[in-house]
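The structure appears below as structure tokens.
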Amino acid sequence: MARNDHEDWQFPPQVLREYALLADGERGALVGPYGDIAWMCAPRWDSDAVFSSLIGGHASYAVSPVGRYVWGGSYEDGSLIWRSRWITDSGILECREALAFPGEPHRAVVLRRIIAAQGDARVRVLLDPRAGFGRHPLRQHARDGGVWSGRAGDLHLRWSGGEHAKTGPKGNALAMEFTLPAGAHHDLVLELSDQVLPAEPVDAGQAWVATEHTWAETVPALPDMQARSDSRHAYAVLRGLTSSGGGMVAAATMSLPERAEQGRNYDYRYVWIRDQCFTGQAIAAAGPYPLLDDAVRFVAERLLADGPELKPAYTTSGGPVPSQRSLQLPGYPGGADIAGNHVNAQFQLDALGESLLLLAAADRHGHLDADGWRAAETAAAAIAARWGEPEAGIWELDPQNWTESRLICVAGLRAISSAGAPPPKTGEWLALAEKILAETAASSTHPSGRWQRAPDDERVDAALLLPPIRGALPASDPRTLATLRALTDELGEDSFLYRFRQQPGRLGDAEGAFLLCGFTMALALHQQGNEVEATRWFERNRAACGPPGLFSEEYDIAQRQLRGNLPQAFVHALMFESAARLTHPWDGPK
């Protein structure tokens with residue numbers, strides 16, 4: 001890294017497995033091995049980035065040792081409090097990092113406590129905020145004692161603990177270098193808001209105590225879970241991605257490529273109804289924890305507001321997802337710079353079926369109120385009106401009558417019918433489920449006896465694991481068994497699973513293994529009573545992460561690298577559900 005002029009310090013993108021997530025429900029940040037916050041949008045998940053070096057912007061906020069070092073780090077148990085740790089030539093330096101939790105909708109508070117854990121530590125700090133994905137650098141800044149204040153675009157900024165910082169020749173960044181005595185610590189607090197900040201700066205000590213306490217109360221003990229520590233971590237990640245309104249973003253990032261130079265770069269900083277339902281159902285498998293209620297609240301509100309016009313995704317405030325646009329940035333290596341998402345123009349039938357499954361899971365715990373039942377009736381009516389329409393499906397492809405979408409609607413209708421629905425509705429919904437199943441079986445049963453992706457697409461698809469797990473048809477049904485065998489033979493590799501075959505040749509040439517599918521396979525095998533193989537699949541996919549224990553959407557088996565946006569919420573959800581269910585004999589639909 002260049003060190004001559006602090007405004008030229010470089011923090012190039014790293015492999016995704018080395019980034020840690022800080023999150024408070026309203027926004028998130030990725031911290032790299034150089035101690036650099038390489039990505040953060042403020043004040044909300046879908047706001048423009050203020051730190052964007054991950055995708056080629058110049059903005060960053062770094063705490064790094066001076067001289068040679070090797071990096072490591074870990075989360076404090078049951079939290080998103082991260083400890084970066086560097087072994088240097090002269091000792092050990094740590095930086096304890098978090099977003100103050102729970103987060104405020106309009107103000108982000110970044111806490112960083114630099115600790116000389118062993119020996120004196122020479123430290124460099126750089127604060128270079130640039131709002132609007134790098135378009136608006138720091139300006140109008142002034143120092144009052146150890147507190148800096150200023151503006152970056154529309155954001156108000158205050159930075160405490162920078163009493164030794166100086167501005168560079170261009171005045172766009174603050175930097176300092178100092179020695180921290182052995183055993184001492186130094187607090188940095190960065191506040192960012194789209195509103196005028198309160199008169200008094202955040203007190204670091206109080207903010208740390210509040211954050212520790214809130215995480216301790218938020219993440220349940222989960223004593224009966226498989227891989228308990230990782231399960232608690234998955235819960236913490238899912239909670240960190242969930243806003244105060246209940247909406248959980250699909251991922252903290254945007255534009256990270258699924259495959260280099262293949263054009264598959266997407267913005268996942270929005271709430272996908274399907275992902276939210278996956279998470280609610282996963283939590284329900286372990287108990288009636290608050291994330292279940294969050295999912296039900298957000299999904300029910302959207303169903304009641306939009307009915308049969310339910311969108312696949314929304315902002316965390318329930319607003320529309322903006323259309324795609326380019327930012328004129330280099331992007332992550334191999335990727336592009338796409339903000340917004342074309343999902344706003346799609347219809348996805350399976351989201352309606354998943355919504356019913358979520359609401360039924362809530363009812364099993366006694367957590368479905370009158371609004372929830374009205375939402376269930378709305379979803380069922382929407383399925384009745386639209387199940388014959390071509391739609392984009394779980395993989396968001398060109399509209400077809402996707403088999404998985406129809407079968408998951410069958411599962412949802414059956415689940416909500418058994419959840420205590422009024423008798424007239426029960427009969428109506430079960431009859432609709434039988435009608436959809438019969439038509440789907442007639443059009444989408446492969447000559448070999450398994451399910452195929454769509455009437456005009458004979459390929460097998462990993463998404464077809466889900467309907468039997470959710471009760472669309474029995475685990476012993478010949479089509480279930482034939483599909484399971486075909487998936488293992490055609491799309492499985494060393495206990496990882498690909499979605500579907502996209503082209504001739506090696507599966508990994510088209511995309512990475514899909515971790516969501518790997519954990520779903522573990523559930524499917526568990527449902528079949530094959531506990532050894534189920535555990536093998538669970539453990540293989542659980543290991544597909546880096547030191548911070550975060551999962552991306554895809555995993556490159558050959559290179560053992562993460563691909564796609566990070567962290568991917570639905571992967572953590574299915575990992576959590578697998579951990580809950582594998583602990584006991586199968587207790588879901590037979």
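Of note:
- Scanning the stretch 457-476 for residues that are over 14 Å from H526 (Cβ atoms), among the hydrophobic types (A, V, I, L, M, F, W, C) and in a loop (DSSP other than H, G, I, E, B) yields V460, A472, L473.
- Leading residue by the ranking (surrounded by the fewest Cβ atoms within 10 Å (Cβ to Cβ)) among those in the stretch 133-149 that are under 35 Å from the mean Cα position of the chain (by Cα) and in a strand (DSSP E or B): R139
- Flag if A375 is more than 28 Å from P585 (Cβ to Cβ), among the aliphatic types (A, V, I, L, M) and without any contact (Cβ under 8 Å) to a residue 24 or more places away in the chain: no
- Any pair with Cβ under 8 angstrom, 6 or more apart, that starts in the stretch 278-301 at a residue that is within 19 Å of S244 (Cα to Cα) and modelled with pLDDT under 95 and ends at one that is hydroxyl-bearing (S, T, Y) and surrounded by 24 or more Cβ atoms within 10 Å (Cβ to Cβ): none
- Taking the criterion of being over 23 Å from A513 (Cβ atoms) and either β-branched (V, I, T) or touching a residue at least 40 places away in the same chain (Cβ under 8 Å) (or both), the residues of the stretch 447-475 that qualify are P455, D456, G471, A472, L473, P474, A475.
- Subset of the stretch 327-350 that is part of a helix (DSSP H, G or I) and in contact with a Phe, Trp or Tyr (Cβ under 8 Å, 6 or more places away or on another chain) - its residue that is farthest from F278 (Cα to Cα): V343
- Tally of residues being modelled with pLDDT of 95 or more and either hydrophobic (A, V, I, L, M, F, W, C) or surrounded by fewer than 19 Cβ atoms within 10 Å (Cβ to Cβ) (or both) across the stretch 501-523: 9
- Residue in the stretch 193-204 that is surrounded by 16 or more Cβ atoms within 10 Å (Cβ to Cβ), at negative phi, within 21 Å of the chain's Cα centre (by Cα) and at pLDDT 95 or above present: no
- Counted residues, the stretch 370-424 - those being of a type in the set (D, E, K, R) and open to solvent by less than 50 Å² (accessible area, probe 1.4 Å): 5
Okay, residues lined up against (1) assigned to a helix (DSSP H, G or I); (2) under 30 Å from Y19 (Cα atoms); (3) basic (K, R); (4) within 17 Å of the chain's Cα centre (by Cα):
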{"position": "L481", "(1), (2), (3), (4)": "yes, no, no, no"}
{"position": "F500", "(1), (2), (3), (4)": "no, yes, no, no"}
{"position": "H526", "(1), (2), (3), (4)": "yes, no, no, no"}
{"position": "G549", "(1), (2), (3), (4)": "no, yes, no, yes"}
{"position": "A558", "(1), (2), (3), (4)": "no, yes, no, no"}
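- Scoring P257 on the criteria (1) open to solvent by 10 Å² or more (accessible area, probe 1.4 Å); (2) in contact with a Leu (Cβ under 6 Å, 6 or more places away or on another chain); (3) under 30 Å from D154 (Cα atoms) leaves a single failure, condition (2).
- Residues being over 15 Å from the mean Cα position of the chain (by Cα), surrounded by fewer than 19 Cβ atoms within 10 Å (Cβ to Cβ), without any contact (Cβ under 8 Å) to a residue 40 or more places away in the chain and over 21 Å from E396 (Cβ atoms) are entirely absent from the stretch 306-314.
- Qualifying residue in the stretch 366-382 (condition: closer than 30 Å to S52 by Cβ and assigned to a helix (DSSP H, G or I)): no
- Residue within the stretch 556-569 that is out of contact with any His (no Cβ under 8 Å at 6 or more places or on another chain), open to solvent by 60 Å² or more (accessible area, probe 1.4 Å) and at negative phi present: yes
- Selection of the stretch 403-449 for residues being over 32 Å from the mean Cα position of the chain (by Cα) and not in a helix (DSSP H, G or I) yields G420, A421, P422, T445, H446, P447, S448, G449.
- Evaluating T440 against the criteria (1) of a type in the set (S, T, Y); (2) within 19 Å of P589 (Cα to Cα); (3) open to solvent by less than 20 Å² (accessible area, probe 1.4 Å); (4) out of contact with any strand residue (DSSP E or B) (no Cβ under 8 Å at 6 or more places or on another chain) leaves one unmet condition, (2).
The values are calculated or read from the model by the stated rules, or taken from the named source; none is laboratory data. It should be emphasised that the depicted structure is a prediction, and the values quoted were computed from it without experimental measurement. All Cβ positions, glycine included, derive from the backbone under ideal geometry; neighbour counts span all protein chains shown. With ligands, DNA and RNA removed, areas are computed over all heavy atoms of the protein, side chains included. Shrake-Rupley method; radii C 1.70, N 1.55, O 1.52, S 1.80 Å.
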